[in-house]
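Asker: Okay, handing you the structure first.
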Amino acid sequence: MYRPTILILILVMAGLPVPTGLLAQSRPSSTSAGIASFDNKPTSHPAPILGTDMSFASTPSPLIDGWMDKKAGDEMAAAFRSAGLKSLRFSSHGLYSPRGPEATTQVKAENKLTNQYEWFPFDAYVDYIAAHEFTTIVGVNVEEGPEVARPSVQKFIDRGLKSRIVAIELSNEPWLNYRPWLPEDYAARAADIIENLTSLGLKFAIPLTAGTDNNTPTKLSDNEWCTLMLRALSTRIDLKQRSDIYGVVHLYSRGMRGASIDAFNKVVKPFAPNLRYLITEFNIRLGLEGNPHLTNKYAMEFARKLADVMSRPEVVAMYTHSVPFHSVLYWSNGRRFVTVVGGRDEKLTGDALTRGWHLTPTGRVYELYSRLAWNGEVINYHGGDNQSYWAVKSSDRLIVTFINDTTKAVNKTLAGTNVPIIAPARSIVCVDPSGKQLERLALPY
């Protein structure tokens with residue numbers, strides 16, 4: 001006669017449901033040991049908030065439609081919530097000015113950008129945040145100065161939305177700007193805004209870069225650009241004493257891993273030892289030719305690499321790049337236009353092409369992470385190439401999540417704990433300390 005655990009494994013590998021009674025037989029009678037083993041970790045930290053960056057500067061733009069039209073906005077908000085989005089990044093990116101179309105044309109020319117889109121009033125975005133339960137990063141152009149930044153932020157404050165502002169982000173990737181931005185010039189403009197807006201009681205976010213490549217328009221390496229910028233900024237802003245300033249990090253491709261934070265720490269900590277990070281753009285690829293983000297294989301890799309970064313206590317929030325084009329969501333006009341890389345894709349058929357917003361496999365991962373797997377205090381993380389697990393304490397319960405990105409089902413007790421895990425191949429499983437399954441996301445490929 002099969003033992004309960006062996007029988008469960010056979011059922012899982014065969015893709016058959018496991019009777020609740022059988023699960024109960026396979027669990028330890030007490031969950032206290034499992035809880036204690038995780039709680040022995042001396043410190044914990046809040047899991048990062050998950051959100052998205054937004055690309056609006058092309059035509060047609062479902063984002064602008066959603067900000068300008070209430071019905072479209074409500075539909076967009078529902079789609080965002082279905083992907084687990086809690087926060088939105090609005091970045092002026094050197095291609096938008098809240099002052100109007102003429103000022104926007106001027107800003108684009110200054111930054112040598114050619115994006116074509118229909119200008120919209122910034123109030124439309126403020127109204128959207130007011131109508132829906134999202135927090136937001138407010139990105140401003142430092143070249144427009146505090147004269148433009150302050151009124152933009154004041155619009156949120158006047159609407160009673162101050163608590164919704166995560167931070168005021170001071171321009172986007174200035175080291176790659178073809179103005180070009182010299183680090184000292186950028187630092188002076190950023191300091192102008194920080195000094196002028198500090199009285200508002202909000203947080204600021206300064207862009208950071210790290211690396212030894214010198215492919216920037218200034219011909220400085222990333223490390224050099226960032227060091228010179230921070231040194232110049234520190235002459236006016238006491239970064240060692242300020243607690244209201246975040247660092248902005250972008251992670252792509254090989255950089256999308258927890259260890260990348262160490263590279264930033266090495267450059268940043270001498271100037272700002274207590275600085276924490278907002279990752280306002282990230283993806284596991286630099287380019288997305290062929291739309292791999294529409295596949296389960298990509299979603300499993302995304303899940304593993306995202307978890308590794310989320311485990312770092314320095315990370316406050318993460319914003320995937322970039323709705324609606326290659327991210328957790330895409331949009332279709334129901335005919336030929338689809339906001340995936342290269343437009344329509346053979347992987348999209350039937351309902352996947354109907355008009356409106358659609359969740360991608362990565363969106364399903366994001367939703368599970370935001371709602372359950374990374375929602376609370378992180379008290380343990382064990383990384384691995386194809387398998388990883390962690391524990392999060394949410395309210396009065398402990399949630400253990402296990403990623404099994406292999407071709408074989410898993411039935412084992414997690415190392416260093418008494419938590420039993422049963423996980424089919426290519427799945428993400430959330431359990432309580434007794435091993436009782438709370439939720440499972442299957443991503444076969």
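Read-outs: derived from the displayed coordinates by stated rules, not from any lab. Just so you know, these numbers come straight off a predicted model, no measurement behind them. Positions of Cβ are backbone-derived with ideal geometry, glycine not excepted, and every protein chain shown enters the neighbour counts.
Asker: Within the chain, what's the longest run with no GluC sites (Glu not before Pro) in a DSSP loop and at most 16 other beta-carbon atoms within 10 Å? Give the range, please.
Answerer: 134-288
Asker: Compute the distribution of all C-alpha to C-alpha distances in region 160-292, in bins of 5 Å from 0, and list the percent of pairs in each, rounded to whole numbers.
Answerer: Once binned at 5 Å, the Cα pair distances of region 160-292 give 2, 10, 20, 23, 20, 13, 8, 3, 1, 0.
Asker: In addition: Name the residues whose placed amide hydrogens come within less than 5 Å of the amide hydrogen of Thr413, ignoring near sequence neighbours (fewer than 5 apart) on the same chain.
Answerer: For Thr413, whose amide H was placed from the backbone, the distant partners under 5 Å are Ile421.
Asker: With +1 on each Lys and Arg Cβ and -1 on each Asp and Glu Cβ, and nothing else charged, work out how big the dipole of the chain is about its Cα centre, in Debye to the nearest 20.
Answerer: 1240 debye
Asker: Can you tell me the alpha carbon radius of gyration of region 80-182 divided by the globular rule-of-thumb value 2.2 N^0.38 Å?
Answerer: In units of the 2.2 N^0.38 Å rule of thumb, it is 1.10.
Asker: Something else: Which order do Cys226, Cys430 fall in if you start with the one that has the fewest other Cβ atoms within 10 Å?
Answerer: Cys430, Cys226
Asker: Please give, to one decimal in nm, the separation of the simple spin-label points placed at Arg231 and Arg254, each 7 Å out from Cα toward the Cβ.
Answerer: With each label placed 7 Å out from Cα toward Cβ, I get 2.8 nm.
Asker: With a cap of 14 neighbouring Cβ atoms within 10 Å, and only residues DSSP puts in a loop, list the chymotrypsin sites (Phe, Trp or Tyr not before Pro) found in region 145-185.
Answerer: Listed in order of number, the matching sites are Tyr178.
Asker: Report the antiparallel proportion of the DSSP beta bridges in the chain as a percent, rounded to a multiple of 5.
Answerer: 50 percent
Asker: Same structure again: Could you check the spin-label model distance between Asp158 and Ser199? Points 7 Å from the Cα along Cα→Cβ, value in nm.
Answerer: 1.7 nm
Asker: Please give me, ordered by residue number, the chymotrypsin sites (Phe, Trp or Tyr not before Pro) of region 266-359 that lie in loop per DSSP and have at most 14 other Cβ atoms within 10 Å.
Answerer: The qualifying sites are Phe337.
Asker: Can you compute the FRET efficiency between Asn214 and Asp69 using 1/(1 + (r/R0)^6), with r the Cβ-Cβ distance and R0 = 45 Å? Round to the nearest 0.05.
Answerer: 0.50
Asker: Select from Ser58, Ile157, His45 the residue farthest towards the positive end of the dipole of the chain; place +1 on Cβ of Lys and Arg, -1 on Cβ of Asp and Glu, and compute about the Cα centre.
Answerer: Checking the options against the dipole of the chain, the answer is His45.
Asker: Nearest 500 deg cm²/dmol is fine: what mean residue ellipticity at 222 nm does the chain get from its DSSP H runs of n ≥ 4 alone, each adding -39,500 (n - 2.57), divided by its residue count?
Answerer: It comes out at -9500 deg cm²/dmol, rounded to the nearest 500.
Asker: Here's another thing I want to ask about it. So how do Thr280, Thr339 line up by other beta-carbon neighbours within 10 Å, fewest first?
Answerer: Thr339, Thr280
Asker: How are the C-alpha pair distances of region 232-274 spread across 5 Å bins, as whole percents from the shortest bin up?
Answerer: 5, 19, 28, 21, 13, 10, 4
Asker: So what's Rg/Rh here for region 156-207, counting alpha carbon atoms and using the Kirkwood radius for Rh?
Answerer: 1.05
Asker: Let me ask you something else. Give the calculated FRET efficiency between Glu439 and Ala130 to the nearest 0.05, with a Förster radius of 30 Å applied to their Cβ-Cβ distance.
Answerer: 0.40
Asker: Taking the Cα centre as origin and putting +1 on Lys and Arg beta-carbons and -1 on Asp and Glu beta-carbons, what dipole magnitude results for region 103-252, to the nearest 20 debye?
Answerer: Dipole size: approximately 220 debye.
Asker: Also, I was wondering about something else. Considering only Gly350, Ser253, Ala303, whose Cα is most displaced toward the positive end of the charge dipole of region 48-375, charges sitting on Cβ of Lys, Arg (+1) and Asp, Glu (-1)?
Answerer: Farthest along the dipole direction, towards plus: Ala303.
Asker: Exposure proxy check: Val410, Val365 ranked by fewest other beta carbons within 10 Å?
Answerer: Val410, Val365
Asker: Summarise the long-distance tail of P(r) for the chain by giving the % of C-alpha pairs beyond 44 Å.
Answerer: Percentage above 44 Å: 15.
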